[in-house]
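Notes follow the structure.
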């Protein structure tokens, strides 16, 4: 995988984590990066780095699975890049 491809993958995963956390905010109540980190048993810095558009942050499958369980989102949704730009939420 080229550096450009891995950068795009990190962007997609991080953008989807941000999207589904904000969607959770709208549907079920406030979920901050710190709360998500605590519930998924990861650092707040990791969640912040994943959601940042300026940091390329890798993630293990196990950690992604834990985040998916907290947000109640199938793990494969984090790889979905269809209409990615159209799905922004301001929450």
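Bear in mind these aren't lab numbers, they're just calculated from the coordinates by the rules spelled out. The structure displayed is predicted, hence computed values, not measured ones.
Worth pointing out:
- One decimal place: the segment residue 65-residue 34 gains 9.4 nm when fully extended, by the rule 0.36 nm per residue minus the C-alpha distance.
- Contour excess over end-to-end distance, with Cα ends at residue 54 and residue 41 and 0.36 nm allotted per residue: 2.3 nm
- Each helix, a run of at least 4 DSSP H residues, gives -39500 (n - 2.57); summed and divided by the residues of the chain, these come to -18500 deg cm²/dmol at 222 nm.
- If the chain linking residue 23 and residue 9 were pulled fully straight, counting 0.36 nm for each residue of separation and taking away their Cα-Cα distance, it would gain 3.0 nm.
- 0 to 90° range, to nearest 10: angle between helix 3-28 axis and the chain longest Cα axis: 10
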